[in-house]
Amino acid sequence: MSDSPDVDGGPGLAGPWVDNHCHIADVADVAAVLDEATAAGVVAMISVGTDADSSAACLALAGGSDTIWATAGVHPHEATAGTEDLRRVVAGARHGERLVAIGECGLDFHYDHSPRPVQRAVFAEQVAMANELGLPLVIHTRDAWDETFEILVAESVPSRTVFHCFTGGPDEAERCIELGAWLSVSGIVTFNSAAQLQLAVAATPLDRLMVETDSPYLTPVPHRGSRNRPALVGLVGEAVARLHGRPVAEVASMTTSTASRFYGLDLL
């Protein structure tokens, strides 16, 4: 990928953008991060929980902002904590107002920070929770595609399911779409090493794609080496536009519309 304009320069990157997945609840300079995002055309951010405490923090942050919504979930790295505390956090939240999804949850067989049987059980519980509550499901999967699909089918795939930071190739993308899921693309799509991902994104219908930063991780080109933040999500959208041969403004509009419907946001 060629270098992209700085976040505050370059026609077509002004949005509107939704950062479909970011971790900003514990950022020390969150006010500055939000101001920068607004200046870059970001109209909404989904602040993602990874355990009960971070989920509560995301909800608290969202409660004080017009542009932030929250998820609540237990990441596979934290699966040994179980879901009891998470359920208390979710029970205390007002669904559809600031809590808009369950997750991120799933399987990570690359790092195996939690035993695999525990990961499977806690993931299945959260799939069931999303179905019970009628909320979207946000999935993290790494080196565990077959097992992830098996659990989703066994528990019944929630009608709104997104594979966040999708890193598969065309085959995995096709399987996700066949399940009725969406793909969320991160800054990895701008990396020269991401050829299979780029093929997958190019082959996926635009109305099945969303964009994210997963900040503070996975900073897109040309800002690699610096902290990622929601203001850079337009660079991810620009990469998607390039792969589809479509105007950046069209990708901004489509991904924002998709995220608005997916999470039940009033952005349209």
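Values for this structure:
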quantity	calculated
In region 193-230, the residues that are surrounded by fewer than 21 Cβ atoms within 10 Å (Cβ to Cβ), touching a Gly at 6+ places or on another chain (Cβ under 6 Å) and in contact (Cβ under 8 Å) with a residue 40 or more places away in the chain	Leu218
Inter-residue pairs, beta-carbon under 8 Å, first farther than 17 Å from Thr161 by Cα and in region 114-140, second among the aromatic types (Phe, Trp, Tyr) and not in a helix (DSSP H, G or I), 6+ apart	Arg116/Phe109; Gln119/Phe109
Residue in region 98-106 that is touching a strand residue (DSSP E or B) at 6+ places or on another chain (Cβ under 9 Å), of a type in the set (A, V, I, L, M, F, W, C), in a helix (DSSP H, G or I) and buried (at least 21 other Cβ atoms within 10 Å of the Cβ) present	no
Filter result (closer than 26 Å to Glu238 by Cβ and part of a helix (DSSP H, G or I)) within region 28-67	Val30, Ala32, Val33, Leu34, Asp35, Glu36, Ala37, Thr38, Ala39
Residues of region 220-240 classified as in a loop (DSSP other than H, G, I, E, B), within 18 Å of Asp29 (Cβ to Cβ) and not basic (Lys, Arg), total	3
Region 161-201, residues that are under 15 Å from Leu218 (Cβ atoms) and in a loop (DSSP other than H, G, I, E, B)	His164, Cys165, Phe166, Thr167, Ser186, Phe191, Asn192, Ser193, Ala194
Residues of region 245-268 that turn out to be among the aliphatic types (A, V, I, L, M), touching a residue at least 40 places away in the same chain (Cβ under 8 Å) and over 15 Å from Asp19 (Cβ atoms), as a count	3
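Only the coordinates and a few stated rules stand behind these numbers; no lab work does. Here the structure is a predicted model, which means the values were calculated and not measured. We place every Cβ from the backbone using ideal geometry, glycine too, and count neighbours over all the protein chains shown.
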